[in-house]
Amino acid sequence: MVYAFTDEDKELLGAVSGRDPLGILPVWQYRARDVVPHLTAASRELSGFHVLLVALAWWPEFATQHSQPVRDLEKYFLLVEQAFARACNTQDGQWPLPGTRRLGAGGTGVWIGLAPSQHLLGGQLPNGTWGIYRSAAISAGFMDDKNNVNAELAAKIKESTGCMKLVMPFVKEAMGKGDGEVWIAKQRNHRLVGDLSKIIKKYPLANLLCKPLLNPSVPQVTAQVVALMRLQRNKDDFECQAFVLNAMTNIPDYQEVFQHILHCEHYLATVEAVFEWLCSGESSSVKKAAQRLPVIMDVDALKAAKRDFLQSGDYGLNTLAAKRKTMMESLDLSNNESFLSTLIQQHGEVSAARNNDPWISILETGRFDVRVSTGKPADTQLDPATSWRNGYYLPSLFNLVKQFHEGGRRK
């Protein structure tokens, strides 16, 4: 598994897959923090924060009552998350967080267990709610890096989730049962099925979590972004570029922030699309690809996008984002062959730093050696005016804005 982090986001970011062959995620991630300081691309469900914070708020009481050492916290969390998931699955088959495939194949009823076969998914801790939401919750100030929930917040959480007292004996039993499963409820009408699923479906903590996530004091722009998002919260999906252009018009005091995002994304996304095109097998060598390039895209437009990218803002001092920005700036666009050659060279350097084989390399004969074949990018992805790939955490923020609104209406 390969990991790539910005210097500022080491706790906020998860694993980066091969979808970032040029290693430029840290660049847009750095830019995104101007607008969305806490969230990640995956932390888009309010229910995820509920599962994490409810479990951790009750942990001190559970640990004291049952004399559990701190090292057992992760086992405890695995079991509590299973209880929530299987309650939702039993109630209506709807679990909004990772693990739905195993839930769907396992029937209904609420049971918990520590054996890997009883987990919600492979690597439940890093790949489930803990791995996705913990760093965002730390960044937002809900908890510290030692998993202690803010005392005032923990007290309020416990006031509104009293049903967890009834769950704790089952959790204790499961922790002492080895690989055996422990049943909590078998019928949909069981009280705990309804109480646990209600915590996930009705967002009872929405008012407690809203301000830190949606209106942090830094950067101030976030509050205005949220206000603009609320105007379109009834939409089913979120179109990032359209929103950024809208924000430039409607939030004039922060036009530069969104201009930086536009300049960053139009260049990065287009370069990524060119790289995909190289890996698609459309051309067999640098020379042939260079001849074909002006046919599929306006090379002068890419040069203009690069000039804009140079004006896309500060990326910190000696950060990975700054280093990768410099790498993208150094692509040689003086002619098509030099551009494609330096692009493949930089990809090779990123791959070597990760101890990975490159997707594409150039043989001594000048022909391409393509090891990871990709689909041909759409024409819009090869035009800097329309090319857009990354979300800048705005879709996650938009999703939470809608959910906070729903939570407020349900109270």
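The values are calculated or read from the model by the stated rules, or taken from the named source; none is laboratory data. Everything quoted here is computed from the prediction, not taken from an experiment. Don't worry about glycine lacking a Cβ; one is built from the backbone with ideal geometry, like all the others, and counts go over all protein chains shown. Side chains included, ligands, DNA and RNA excluded: accessible areas come from the protein's heavy atoms. Shrake-Rupley method; radii C 1.70, N 1.55, O 1.52, S 1.80 Å.
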For the range 99-179, with every protein chain kept in place, what is the accessible area per residue (1.4 Å probe, Å²)?
-> 46
Roll a 1.4 angstrom probe over the protein heavy atoms and tell me the percent of accessible area of the range 80-211 that is carbon or sulfur.
-> 49
Where does helix 240-250 land angle-wise versus the long Cα axis of the chain, in degrees 0 to 90, nearest 10?
-> 90
Quick one: length gained pulling residue 61 to residue 311 fully straight, 0.36 nm per residue minus the C-alpha distance?
-> 84.7 nm
Which one of 135, 77, 185 is farthest out on the positive end of the charge dipole of the chain, using unit charges on Cβ (Lys, Arg +1; Asp, Glu -1) and the Cα centre as origin?
-> 185
The extension gain from residue 108 to residue 280, computed as 0.36 nm times the residue separation minus the Cα-Cα distance, is 57.5 nm
Ranked from the most accessible area to the least, with a 1.4 Å probe and all protein chains present, what is the order of 134, 31?
-> 134, 31
Could you list, bin by bin from short to long, the percent of Cα-Cα pairs of the range 327-393 in 10 Å steps?
-> 17, 39, 40, 5, 0
Convex hull over the alpha-carbon atoms of the range 40-124: what's its volume per residue in Å³?
-> 112
Kirkwood Rh and Cα Rg combined as Rg/Rh, the range 173-244 | 1.22
Quick one, which of (i) 24.1, 73; (ii) 21.4, 69; (iii) 24.2, 87 is the actual Rg and Dmax of the Cα atoms in Å calculated for this model?
-> (i)
Mind checking the angle between helix 46-65 and the chain's longest principal axis? C-alpha axes, 0 to 90 degrees, to the nearest 10.
-> 40
Can you list the residues of the range 42-77 with backbone N under 13 Å from a point 7 Å past the Cα of residue 125, pointing along Cα to Cβ?
-> 70-77
Around residue 224: net Lys/Arg minus Asp/Glu count, Cβ-Cβ under 14 Å | -2
